[in-house]
Amino acid sequence: MPPDLTPDELLATTRSVRRRLDLTRPVERGLLEECLLLAQQAPSASYAQNWHFVVVTDAAERAALGELWRGVAVPYLQHRAAAAAADQRVARINDAVRHLAEHIHQVPVHVIPCVEGRTDGRPAAAQASRWASIIPAAWSFMLAARARGLGTVWTTFHLRHEREAAEILGIPYEQVMQAALIPVAHTIGTDFKPAARHQLDTMVHWDRW
Ligand SMILES: Cc1cc2nc3c(=O)[nH]c(=O)nc-3n(C[C@H](O)[C@H](O)[C@H](O)COP(=O)(O)O)c2cc1C
(Lines give C-alpha, C1' and ligand atoms only; values in the text may rest on other atoms or scores of the structure.)
Protein backbone atom coordinates (compact mmCIF):
# COMPACT_ATOMS: atom_id res chain seq x y z
CA MET A 1 0.00 0.00 0.00
CA PRO A 2 1.35 3.46 -0.80
CA PRO A 3 2.02 5.52 2.32
CA ASP A 4 -0.36 8.37 3.09
CA LEU A 5 2.21 11.03 3.95
CA THR A 6 1.95 14.70 4.81
CA PRO A 7 4.25 16.97 2.77
CA ASP A 8 6.64 17.26 5.74
CA GLU A 9 6.72 13.49 6.26
CA LEU A 10 7.39 12.99 2.55
CA LEU A 11 10.33 15.42 2.66
CA ALA A 12 11.70 13.89 5.86
CA THR A 13 11.45 10.22 4.87
CA THR A 14 12.46 10.04 1.20
CA ARG A 15 15.57 7.98 1.85
CA SER A 16 18.24 6.32 -0.29
CA VAL A 17 16.66 2.88 -0.65
CA ARG A 18 18.98 0.02 -1.62
CA ARG A 19 18.26 -3.00 0.57
CA ARG A 20 14.49 -2.56 0.64
CA LEU A 21 13.88 -2.44 -3.11
CA ASP A 22 11.42 -5.22 -4.02
CA LEU A 23 13.18 -7.04 -6.85
CA THR A 24 10.27 -9.41 -7.42
CA ARG A 25 7.52 -6.90 -8.18
CA PRO A 26 7.21 -5.06 -11.49
CA VAL A 27 6.56 -1.30 -11.40
CA GLU A 28 3.42 -0.23 -13.25
CA ARG A 29 4.09 2.14 -16.17
CA GLY A 30 1.16 4.35 -15.07
CA LEU A 31 2.81 4.96 -11.68
CA LEU A 32 6.05 6.01 -13.37
CA GLU A 33 4.14 8.34 -15.70
CA GLU A 34 2.43 9.99 -12.71
CA CYS A 35 5.86 10.63 -11.16
CA LEU A 36 7.26 11.96 -14.45
CA LEU A 37 4.30 14.34 -14.90
CA LEU A 38 5.04 15.75 -11.43
CA ALA A 39 8.76 15.96 -12.26
CA GLN A 40 7.85 18.17 -15.23
CA GLN A 41 6.48 20.77 -12.80
CA ALA A 42 10.01 21.53 -11.58
CA PRO A 43 11.80 24.71 -12.71
CA SER A 44 14.40 24.82 -15.48
CA ALA A 45 16.74 27.68 -16.48
CA SER A 46 15.01 30.13 -18.87
CA TYR A 47 11.99 27.83 -18.87
CA ALA A 48 13.97 25.67 -21.27
CA GLN A 49 12.46 22.34 -20.17
CA ASN A 50 15.60 20.83 -21.70
CA TRP A 51 15.25 17.69 -19.62
CA HIS A 52 14.76 14.06 -20.59
CA PHE A 53 14.17 10.91 -18.57
CA VAL A 54 15.29 7.60 -20.01
CA VAL A 55 13.18 4.95 -18.28
CA VAL A 56 14.92 1.60 -18.63
CA THR A 57 12.88 -1.56 -18.13
CA ASP A 58 14.54 -3.79 -20.75
CA ALA A 59 16.38 -6.61 -18.93
CA ALA A 60 19.38 -6.67 -21.29
CA GLU A 61 19.85 -2.91 -21.00
CA ARG A 62 19.61 -3.07 -17.21
CA ALA A 63 22.17 -5.86 -17.18
CA ALA A 64 24.55 -3.79 -19.32
CA LEU A 65 24.08 -0.70 -17.15
CA GLY A 66 24.52 -2.87 -14.06
CA GLU A 67 27.92 -4.03 -15.34
CA LEU A 68 29.05 -0.40 -15.71
CA TRP A 69 27.68 0.49 -12.27
CA ARG A 70 29.32 -2.49 -10.58
CA GLY A 71 32.62 -1.77 -12.31
CA VAL A 72 32.83 1.50 -10.36
CA ALA A 73 31.10 0.36 -7.16
CA VAL A 74 33.49 -2.53 -6.46
CA PRO A 75 36.71 -0.44 -6.44
CA TYR A 76 34.83 2.28 -4.51
CA LEU A 77 33.99 -0.29 -1.81
CA GLN A 78 37.59 -1.53 -1.73
CA HIS A 79 38.80 2.06 -1.35
CA ARG A 80 36.38 2.58 1.56
CA ALA A 81 37.12 -0.71 3.36
CA ALA A 82 39.47 0.86 5.93
CA ALA A 83 36.99 3.64 6.68
CA ALA A 84 34.25 1.03 7.10
CA ALA A 85 36.37 -0.92 9.59
CA ALA A 86 36.79 2.25 11.66
CA ASP A 87 33.25 3.61 11.48
CA GLN A 88 30.01 1.62 11.74
CA ARG A 89 28.05 4.25 9.80
CA VAL A 90 30.37 3.89 6.82
CA ALA A 91 30.15 0.10 7.14
CA ARG A 92 26.35 0.25 6.98
CA ILE A 93 26.35 2.36 3.82
CA ASN A 94 29.02 0.13 2.26
CA ASP A 95 26.92 -2.97 2.99
CA ALA A 96 23.94 -1.31 1.33
CA VAL A 97 26.02 -0.27 -1.70
CA ARG A 98 27.40 -3.85 -1.94
CA HIS A 99 23.86 -5.23 -1.83
CA LEU A 100 22.76 -2.93 -4.64
CA ALA A 101 25.88 -3.73 -6.67
CA GLU A 102 24.98 -7.42 -6.47
CA HIS A 103 21.36 -6.83 -7.48
CA ILE A 104 21.24 -3.69 -9.61
CA HIS A 105 20.40 -5.61 -12.78
CA GLN A 106 17.37 -7.07 -10.96
CA VAL A 107 15.93 -3.69 -9.96
CA PRO A 108 12.89 -3.48 -12.26
CA VAL A 109 13.44 0.11 -13.45
CA HIS A 110 16.50 2.31 -13.93
CA VAL A 111 15.68 5.98 -14.54
CA ILE A 112 18.36 8.18 -16.09
CA PRO A 113 17.60 11.90 -15.87
CA CYS A 114 19.35 13.81 -18.67
CA VAL A 115 19.75 17.42 -19.74
CA GLU A 116 20.34 18.81 -23.24
CA GLY A 117 23.58 20.72 -23.74
CA ARG A 118 26.96 19.52 -22.49
CA THR A 119 28.83 21.82 -20.12
CA ASP A 120 32.12 19.87 -19.95
CA GLY A 121 34.90 22.33 -19.11
CA ARG A 122 32.53 25.34 -18.91
CA PRO A 123 32.63 27.86 -15.98
CA ALA A 124 30.92 26.94 -12.70
CA ALA A 125 28.02 29.33 -13.34
CA ALA A 126 27.17 27.61 -16.62
CA GLN A 127 27.49 24.22 -14.97
CA ALA A 128 25.26 25.25 -12.06
CA SER A 129 22.37 26.42 -14.20
CA ARG A 130 22.55 23.43 -16.52
CA TRP A 131 22.61 20.85 -13.72
CA ALA A 132 19.92 22.74 -11.82
CA SER A 133 17.70 22.37 -14.89
CA ILE A 134 17.47 18.64 -14.29
CA ILE A 135 18.22 17.93 -10.63
CA PRO A 136 15.07 19.55 -9.15
CA ALA A 137 12.94 17.62 -11.66
CA ALA A 138 14.72 14.38 -10.78
CA TRP A 139 14.24 14.97 -7.06
CA SER A 140 10.55 15.71 -7.65
CA PHE A 141 10.37 12.37 -9.45
CA MET A 142 11.91 10.67 -6.39
CA LEU A 143 9.51 12.39 -3.98
CA ALA A 144 6.52 11.47 -6.14
CA ALA A 145 7.81 7.89 -6.25
CA ARG A 146 8.04 7.72 -2.45
CA ALA A 147 4.47 9.03 -2.17
CA ARG A 148 3.39 6.04 -4.29
CA GLY A 149 5.24 3.37 -2.30
CA LEU A 150 8.26 3.31 -4.63
CA GLY A 151 11.87 3.49 -3.44
CA THR A 152 14.72 5.26 -5.21
CA VAL A 153 18.36 6.16 -4.67
CA TRP A 154 20.38 8.84 -6.43
CA THR A 155 23.46 7.16 -7.87
CA THR A 156 26.32 8.42 -10.02
CA PHE A 157 28.70 5.45 -10.31
CA HIS A 158 27.79 4.70 -13.93
CA LEU A 159 28.69 8.26 -14.99
CA ARG A 160 32.36 7.25 -15.07
CA HIS A 161 31.22 5.30 -18.13
CA GLU A 162 28.69 7.85 -19.38
CA ARG A 163 29.63 7.41 -23.03
CA GLU A 164 29.20 3.62 -22.89
CA ALA A 165 25.83 4.07 -21.15
CA ALA A 166 24.82 6.53 -23.88
CA GLU A 167 25.69 3.90 -26.50
CA ILE A 168 23.66 1.24 -24.70
CA LEU A 169 20.61 3.50 -24.54
CA GLY A 170 20.97 5.46 -27.78
CA ILE A 171 21.42 8.77 -25.93
CA PRO A 172 23.12 11.37 -28.18
CA TYR A 173 26.20 11.84 -25.96
CA GLU A 174 27.55 14.93 -27.75
CA GLN A 175 24.31 16.85 -27.07
CA VAL A 176 23.00 15.35 -23.83
CA MET A 177 24.43 14.88 -20.30
CA GLN A 178 23.26 12.17 -17.93
CA ALA A 179 22.82 13.33 -14.32
CA ALA A 180 22.34 10.05 -12.46
CA LEU A 181 21.04 6.50 -12.53
CA ILE A 182 18.06 6.12 -10.22
CA PRO A 183 17.04 2.53 -9.46
CA VAL A 184 13.26 2.37 -8.87
CA ALA A 185 11.19 -0.40 -7.29
CA HIS A 186 8.32 -0.88 -4.89
CA THR A 187 9.71 -0.76 -1.36
CA ILE A 188 9.62 -3.66 1.07
CA GLY A 189 7.47 -1.99 3.72
CA THR A 190 6.75 1.71 3.52
CA ASP A 191 7.99 2.93 6.93
CA PHE A 192 11.15 5.06 6.59
CA LYS A 193 12.61 7.33 9.26
CA PRO A 194 14.18 10.78 9.05
CA ALA A 195 18.01 10.61 8.92
CA ALA A 196 20.38 12.05 11.54
CA ARG A 197 21.70 15.41 10.37
CA HIS A 198 24.14 18.02 11.69
CA GLN A 199 22.86 20.82 13.93
CA LEU A 200 21.40 23.66 11.86
CA ASP A 201 23.86 26.22 13.26
CA THR A 202 26.80 24.27 11.80
CA MET A 203 25.56 24.94 8.27
CA VAL A 204 23.25 27.96 8.29
CA HIS A 205 24.74 31.44 7.98
CA TRP A 206 22.39 34.33 8.77
CA ASP A 207 23.40 37.46 6.86
CA ARG A 208 27.12 36.53 6.76
CA TRP A 209 29.15 33.27 6.47
C1 LIG B 1 25.42 13.36 -5.84
C2 LIG B 1 25.16 12.02 -5.22
C3 LIG B 1 25.79 10.90 -5.74
C4 LIG B 1 25.53 9.64 -5.21
N5 LIG B 1 26.08 8.53 -5.80
C6 LIG B 1 25.77 7.31 -5.31
C7 LIG B 1 26.22 6.14 -6.00
O8 LIG B 1 26.85 6.20 -7.05
N9 LIG B 1 25.90 4.94 -5.46
C10 LIG B 1 25.15 4.82 -4.34
O11 LIG B 1 24.86 3.69 -3.92
N12 LIG B 1 24.70 5.92 -3.68
C13 LIG B 1 24.98 7.15 -4.16
N14 LIG B 1 24.48 8.25 -3.53
C15 LIG B 1 23.71 8.12 -2.25
C16 LIG B 1 24.64 8.50 -1.08
O17 LIG B 1 25.74 7.60 -1.05
C18 LIG B 1 24.00 8.40 0.25
O19 LIG B 1 23.46 7.12 0.43
C20 LIG B 1 22.89 9.31 0.51
O21 LIG B 1 23.20 10.62 0.20
C22 LIG B 1 22.59 9.18 1.99
O23 LIG B 1 21.32 9.50 2.12
P24 LIG B 1 20.71 9.64 3.57
O25 LIG B 1 21.66 10.47 4.34
O26 LIG B 1 19.44 10.31 3.26
O27 LIG B 1 20.54 8.27 4.10
C28 LIG B 1 24.69 9.51 -4.07
C29 LIG B 1 24.06 10.64 -3.55
C30 LIG B 1 24.26 11.88 -4.13
C31 LIG B 1 23.53 13.07 -3.59
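The values are calculated or read from the model by the stated rules, or taken from the named source; none is laboratory data. Owing to the predicted nature of the structure, the values given are computational and were not obtained by experimental measurement. Virtual Cβ from ideal backbone geometry, glycine too; neighbours counted across all protein chains shown. Heads up: the accessible areas ignore ligands, DNA and RNA and are worked out on the full protein's heavy atoms, side chains in. Shrake-Rupley method; radii C 1.70, N 1.55, O 1.52, S 1.80 Å.
Can you say whether residue 47 is open to solvent by 80 Å² or more (accessible area, probe 1.4 Å) and among the aromatic types (Phe, Trp, Tyr), as far as the supplied structure shows? Explain how you work it out, then say what you get.
Values: open to solvent by 80 Å² or more (accessible area, probe 1.4 Å): yes; among the aromatic types (Phe, Trp, Tyr): yes.
Against the criterion (open to solvent by 80 Å² or more (accessible area, probe 1.4 Å) and among the aromatic types (Phe, Trp, Tyr)), residue 47 qualifies.
Does residue 49 satisfy being in contact (Cβ under 8 Å) with a residue 60 or more places away in the chain and under 25 Å from residue 166 (Cα atoms)?
Details: in contact (Cβ under 8 Å) with a residue 60 or more places away in the chain: no; under 25 Å from residue 166 (Cα atoms): yes.
No.
Criterion first (away from the ligand (no atom under 15 Å from the Cβ), of a type in the set (A, V, I, L, M, F, W, C), buried (at least 16 other Cβ atoms within 10 Å of the Cβ) and in contact (Cβ under 8 Å) with a residue 12 or more places away in the chain) does residue 54 satisfy it?
Working: away from the ligand (no atom under 15 Å from the Cβ): yes; of a type in the set (A, V, I, L, M, F, W, C): yes; buried (at least 16 other Cβ atoms within 10 Å of the Cβ): yes; in contact (Cβ under 8 Å) with a residue 12 or more places away in the chain: yes.
The answer is yes for residue 54.
Residue check, residue 133 against (1) over 18 Å from the mean Cα position of the chain (by Cα); (2) closer than 22 Å to residue 173 by Cβ; (3) of a type in the set (S, T, N, Q), all met but one. Which one?
If we test residue 133 against (1) over 18 Å from the mean Cα position of the chain (by Cα); (2) closer than 22 Å to residue 173 by Cβ; (3) of a type in the set (S, T, N, Q), just (1) comes out false.
Output the qualifying pairs, or none if there are none: Cβ atoms under 6 angstrom, residues six or more apart or on different chains, first residue in region 150-178 and free of Cβ contacts under 8 Å to residues at least 40 places away in the same chain, second residue among the polar types (S, T, N, Q).
Taking only residues 6 or more apart or on different chains, the pairs are 162/178.
For the subset of region 155-209 comprising residues that are within 16 Å of the ligand (Cβ to nearest atom) and polar (S, T, N, Q), which member is nearest to residue 21 (Cα to Cα)?
187
Which one is farthest from residue 58 (Cα to Cα) among residues in region 126-170 that are β-branched (Val, Ile, Thr) and open to solvent by 20 Å² or more (accessible area, probe 1.4 Å)? Talk me through it step by step, then tell me what you get.
Start the filter on region 126-170 by keeping residues that are β-branched (Val, Ile, Thr), which leaves 134-135, 152-153, 155-156, 168.
Okay, now just the ones that are also open to solvent by 20 Å² or more (accessible area, probe 1.4 Å), so 135, 156, 168.
Working: 135: 24, 156: 20, 168: 11 Å.
Top of the filtered list is 135.
Please count how many residues of region 61-91 are open to solvent by 70 Å² or more (accessible area, probe 1.4 Å) and either touching a Gly at 6+ places or on another chain (Cβ under 9 Å) or within 21 Å of residue 181 (Cα to Cα) (or both).
Applying the first criterion (open to solvent by 70 Å² or more (accessible area, probe 1.4 Å)) to region 61-91 yields 67, 76, 78-79, 82, 85-86, 88-89.
Still in the list and also either touching a Gly at 6+ places or on another chain (Cβ under 9 Å) or within 21 Å of residue 181 (Cα to Cα) (or both): 67, 76.
Final tally of qualifying residues: 2.
Could you tell me whether residue 100 is crowded, with 19+ Cβ neighbours inside 10 Å, away from the ligand (no atom under 15 Å from the Cβ) and closer than 19 Å to residue 22 by Cβ? If you could, list the steps in order and put the result at the bottom.
Details: crowded, with 19+ Cβ neighbours inside 10 Å: yes; away from the ligand (no atom under 15 Å from the Cβ): no; closer than 19 Å to residue 22 by Cβ: yes.
It is false that residue 100 is crowded, with 19+ Cβ neighbours inside 10 Å, away from the ligand (no atom under 15 Å from the Cβ) and closer than 19 Å to residue 22 by Cβ.
Which residues, counting only those in region 10-29, are open to solvent by 90 Å² or more (accessible area, probe 1.4 Å), farther than 17 Å from residue 141 by Cα and in contact (Cβ under 8 Å) with a residue 40 or more places away in the chain? Before the answer, list the steps.
Restricting attention to region 10-29, the residues satisfying the condition of being open to solvent by 90 Å² or more (accessible area, probe 1.4 Å) are 11, 19, 24-26, 29.
Still in the list and also farther than 17 Å from residue 141 by Cα: 19, 24-26.
Hits for region 10-29 are 19, 25, 26.
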